[in-house]
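To start, the structure itself, in structure tokens.
The values are calculated or read from the model by the stated rules, or taken from the named source; none is laboratory data. None of these values were measured; they are calculated from a predicted model. All Cβ positions, even for glycine, are placed from backbone atoms using ideal geometry, and neighbour counts span all protein chains on display. For accessibility, only protein heavy atoms count, side chains too; no ligands or nucleic acids. Shrake-Rupley method; radii C 1.70, N 1.55, O 1.52, S 1.80 Å.
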Amino acid sequence: MSGSTGVGNVPRQQPTSGGRRGGGRGRKGGRRSREVFRASESQHPQKKDASDDQQDLKSHPPACTDFDVAYFEAYAHIGIHEEMIKDHVRTEAYRDAVMQHQSFIQGKVVVDVGCGTGILSIFCAQAGAKRVYAVDASAIAVQAKEVVKANNLAETVIVLHGRVEDVEIDEQVDVIISEWMGYTLLYESMLGSVITARDRWLKHGGLILPCAATLYLAPITHPDRYNDSIDFWRNVYGIDMSAMLPVAKQCAFEEPCVETITGENVLTWPHVVKHVDCYTIQLNELESVSTRYKFQSMMRAPLHGFAFWFDVEFSGPANSSMITPSQSPLIGISDDDPVDDIPTKKRTNPNEPLVLSTAPEDPPTHWQQTLIYLYDPIEVEQDQIIEGSVTLSQSKENRRFMNIHLQYSSGGRSFVKESVFR
């Protein structure tokens, strides 16, 4: 995500054997915001009134909590923004999207939700925007204002330091731009701020960049990772340390891991977990996302876990009603979301929608992929079925955290894996 707003890139990450356990994007939040979140938990326990659950989320967006304050403070650190901006795949995709939609932006009013350092706002100003409202609740807004001044754009880009839910803009806008995506797409819940901005300010027929997103899931094999973290303990300098295995598995695989894998690690075509149309999605849809899946393994290999990744699409409002989940070269089979006939995401000409992908077979980004490892691998044969369900839900303690409930079965054996993305 670009910055932080009310509800909220980076040198390309190289493949790692250990990866990052849990935590916000190494960028956005990363370990730093994780620590701040947890400090906030212990110092300011947040008690939720039961009546809050009855609120109409559209009319009454969530109030700012101590967790939110900690989240905004985390985004004041320059390292997070440096990581995001240095993610050339991410930043160049946004720049290209702005230029591709210059006819929608030139002479128009834009709001940048979670502006961070202001780079996307400046791209819009360079594309000829009449006025850009750059909104961020983090103290990075102070630096963003100086960046705008240094580029002689203070008359065009207006930096607003505050939450999207709280700041006032006394006009309707033509365009909303935001880099809101978190790990597993929805982690950090920044999409809620985009929805709030849309409902408050976007004109009918206005443009949202990106306009759509799709979250994917697929089973993976990753023997190198398992060997490095687990099998290592079976023989340490000739000493049998297998007594350490239960602790090693818990430590390595209890939480979601953010790592880079390749297409060779993926056992099947992926399943579409959730498709997001930014023009129509509502706040209450973010509370919980559930789907059933059914995979057919393309090879004989140990099943070590499941990977999430996503892509986002940039296209004009005239095409929004036609948006469907983009097809990755890895295509999924499922009972409820067949995607075999979905058009390919690869652009064959510059007039086709631009897609930013975090898929394993595409150039790596700071999002990498989010992996849910099993404590013990399952040997699967070619064509063997792997099926089950997955639920992603906002944590009750802090809606920016994500609970992941994964049920899976194969070869007559069934299992459940619970993880919390903090």
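So, in Å, what gap is there between the alpha-carbon centers of the range 205-283 and the range 389-422?
12 Å
Enter the accessible area per residue of the range 87-128 (Å², integer; probe 1.4 Å; all protein chains in place). If you can, show how the numbers build up before the last one.
Working: 1340 Å² over 42 residues.
I get 32 Å² per residue for the range 87-128.
Pairs to check: Lys274/Lys417; Lys86/Lys145; Lys86/Lys274; Lys149/Lys203. Give those whose C-alpha atoms are more than 26 Å from each other in this structure.
Violating the 26 Å Cα-Cα cut-off are Lys86/Lys274; Lys149/Lys203.
Need the full-extension length gain, Glu82 to Asp96, defined as separation in residues times 0.36 nm minus the C-alpha distance. One decimal, nm.
Additional length available on full extension: 3.1 nm.
With every protein chain left in place and a probe of 1.4 Å, what is the accessible surface of Arg95, to the nearest 10 Å²?
Spelled out: Arg95, probe radius 1.4 Å, area about 110 Å².
Net charge near Gly107, counting Lys/Arg +1 and Asp/Glu -1 over other residues with Cβ under 12 Å of its Cβ?
Value of the local net charge: +2.
Can you list the HN-Hα couplings for the range 287-296, worked out from phi with the Karplus curve (6.51, -1.76, 1.60; θ = phi - 60°), rounded to whole Hz and with x for Gly and Pro?
Listing the rounded values in order: 5, 7, 10, 10, 7, 9, 10, 8, 10, 10 Hz.
Near Tyr94, within a Cβ-to-Cβ distance under 11 Å, what is the net charge of the other residues, with Lys and Arg +1 and Asp and Glu -1?
Result for the local shell: -3.
Rounded to the nearest percent, how much of the accessible area of the range 99-146 (1.4 Å probe, protein heavy atoms only) is carbon and sulfur? Present the calculation step by step, with values, prior to reporting the outcome.
Working: 830 of 1590 Å².
Ligands and nucleic acids excluded, carbon and sulfur reach 52 percent.
Separation between the Glu264 and Lys294 pseudo-spin-labels, each 7 Å from Cα along Cα→Cβ, expressed in nm?
Each label point is offset 7 Å from its Cα along the Cβ direction, giving 3.2 nm.
Could you state how much accessible area Val247 has, in square angstrom rounded to the nearest 10, with a 1.4 Å probe and all protein chains kept in place?
90 Å²
Could you check the spin-label model distance between Glu285 and Val416? Points 7 Å from the Cα along Cα→Cβ, value in nm.
With each label point 7 Å from Cα toward Cβ, the separation is 2.8 nm.
Work through the residues other than Arg300 whose Cβ is under 15 Å from its Cβ and net out their charges, Lys, Arg +1 and Asp, Glu -1. Don't jump to the answer; show the numbers that get you there.
Details: positive: none; negative: Glu264, Glu379, Glu381, Asp383.
The answer is -4.
Evaluate the distance, in nm, between pseudo-label points positioned 7 Å from the Cα of Glu361 and of Asp277 along their respective Cα→Cβ axes.
My value for the distance between the label points is 2.8 nm.
Considering only protein heavy atoms and a 1.4 Å probe, what is the carbon-and-sulfur percentage of the accessible area of the range 156-216?
Accessible surface attributable to carbon and sulfur in the range 156-216 totals 46 percent.
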